[in-house]
Amino acid sequence: MEQVRRAIRVRHYSRRPEEAYAGWIRRYIGFHGMQHPDTLGPDHITSFLSALSTDGHVSASTQNQALCAVLFLYRVVLGREVGAVEGVVRAHASKHLPVVLTRVEVSAILTRLHGPQRLIVSLLYGGGLRLREALELRVKDLDLERGQIAVRQGKGRKDRVTVLAGRLKTVLSQHLEEVQQLHKRDIAAGLGRVPMPDALDRKYPNAGLSWPWQFVFPAARICRDRRWGPPCRFHLHESAVQRAVAAAIRAAGIPKKASCHSFRHSFATHLLEDGYDIRTVQELLGHADVSTTMIYTHVLNRGALGVRSPADRL
């Protein structure tokens, strides 16, 4: 497993794929009685993937992810071609429409959130950010004067620029003043360092202590894990926001299966409702292909702006 993680990190995969690949490789080895994968072949891969579909009832995308992880193990880590993997019982691929909140529902949820969680969710809806992208924002990524947010190393390790809602500028300025006071207290205590991406701390040893590199939404506690070097302050954990949003959705009485990602879907859908070009929405969301953004037009066609029901003419 150490070889697997080293191979993933050398290729600069993000943390999520690393965890997913490592988890599937462990399950693959455990499924075959902890045998070394070098002694296994295509038939063993087929039986593992088929069991995921028939016994585990996983989705098609989950099964494909497991296949990619196992092929990565053989081709990259073990340096061995396994040939064609045939006879796999494939999970049925289904198409799901995104969960989109109405403007009234978004307002109802926001009124039931407080503190940093409310500001984070406002950024998700106001700029179409993913939750991870919002939590990893640094002070230098915000341009309050121009009203824009620079998203660094988003999904697919791509940078992009999105819009910063004008109504958030005052609240965000006040929040940054509080974060700066926290940073000054950390500096006075001999701390104040944040983790740097891509080993920049070796190239710029003092950058991790500087104000522009601080997280916009810092964690409440100092991290003292030796894996990350000296004590440093990470960003707020995803679960803190996810729990707050789930509680707000329940309190608002919204029956939809919504989550933090629903605010990104709502951002795109409401922009299209307001008449913005789909190419503009594609750029703001960071989609590589406009066909990915087209899913939101399907949501529109099923909503109030789409076809009028014949029952309404009775």
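The values are calculated or read from the model by the stated rules, or taken from the named source; none is laboratory data. This one's a predicted model, so the numbers in the text were calculated from it and none came from an experiment. Glycine also receives a Cβ, built like all others from the backbone with ideal geometry; neighbour counts cover every protein chain displayed. The protein model used for the area step is the full one, side chains on, heavy atoms only, and it has no ligands, DNA or RNA in it. Shrake-Rupley method; radii C 1.70, N 1.55, O 1.52, S 1.80 Å.
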### Message
Can you give me the solvent accessible area of D274 with a 1.4 Å probe, rounded to the nearest 10 Å²?
### Response
90
### Query
With springs only between Cα atoms under 10 Å, which of C223, C232, C68 fluctuates most in a Gaussian network model of the chain?
C68
### Query
To the nearest 0.05, how large is the calculated FRET efficiency for R224 and T297 if R₀ is 51 Å and r is the Cβ-Cβ distance?
0.55
### Task
Mind giving me the nanometre distance, one decimal, between the label points for Q3 and L191, set 7 Å out from Cα along Cα→Cβ?
4.0
### Message
At 7 Å along Cα-to-Cβ for each site, give me the label-to-label distance between R146 and D159 in nm.
### Response
1.1
### Task
Report, ordered by chain and residue number, the lysines lying within cross-link reach of K140, taken as a straight Cα distance under 25 Å and ignoring same-chain residues fewer than 8 apart.
K155, K158, K169, K184, K203
### Task
Would you please give the residues with an amide H less than 5 Å from that of M196, counting only those at least 5 places away or on a separate chain, with H modeled from the backbone geometry?
D201
### Summary
Sorting Q35, F48, N64 by the position of each Cα along the dipole of the chain (Lys, Arg +1; Asp, Glu -1; all at Cβ), the one nearest the positive end of that ordering is Q35
### Query
At a 1.4 Å probe, what is the % contribution of carbon and sulfur to the accessible area of segment 1-111?
54
### Task
Roll a 1.4 Å probe over the protein heavy atoms and report the accessible area of K140 in Å², nearest 10.
80
### Task
Excluding residues on the same chain fewer than 8 positions from K256, give the aspartates and glutamates whose Cα lies under 18 Å from its Cα.
E105
### Query
Considering every Cα-Cα pair within the chain, what fraction, in whole percent, is farther apart than 26 Å?
59
### Label point 7 Å beyond Cα of D55 along Cβ direction - residues of segment 10-35 with amide nitrogen under 11 Å
31-33
### Query
Given a Förster distance of 25 angstrom, what is the FRET efficiency for K256 paired with R16, based on the Cβ-Cβ distance and rounded to 0.05?
0.50
### Sequence ranges 12-22, 262-272, ranked by mean other-Cβ count within 10 angstrom, highest first
262-272, 12-22
### Query
At what distance in nm do the modelled label points of T46 and V171 sit from each other, each positioned 7 Å from its Cα along Cα→Cβ?
5.7
### Task
May I ask you to order 183-189, 159-165 by the average number of other C-beta atoms within 10 Å around their residues, highest value first?
159-165, 183-189
### Å² of accessible area per residue within the chain, as computed with a 1.4 Å probe and no ligands counted
58
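Starting from the Cα-Cα distance between W211 and T111, subtract it from 0.36 nm times their residue separation and give me the gain in nm to one decimal. Provide the component values of the computation, followed by the final result.
On the way: separation 100, 0.36 × 100 = 36.00 nm, distance 3.07 nm.
Using 0.36 nm per residue and subtracting the Cα-Cα distance, I get 32.9 nm.
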### Task
Work out the P(r) tail for segment 16-146: percent of alpha carbon pairs separated by more than 26 Å, whole number.
48
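Expected output is a single nm value to one decimal: the length gained when fully extending between R80 and N64, i.e. 0.36 nm times separation in residues minus the C-alpha distance. What is it? Walk me through the numbers before you get to the answer.
On the way: separation 16, 0.36 × 16 = 5.76 nm, distance 1.97 nm.
Full-extension gain reported as 3.8 nm.
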### Message
Report the Cα-based extents of segment 150-231 along its three principal axes, largest first, to the nearest Å.
### Response
38, 32, 20
### Task
Give me the net charge of S107's neighbourhood, meaning all other residues with Cβ under 13 Å from the Cβ of S107; Lys, Arg count +1, Asp, Glu -1.
+3
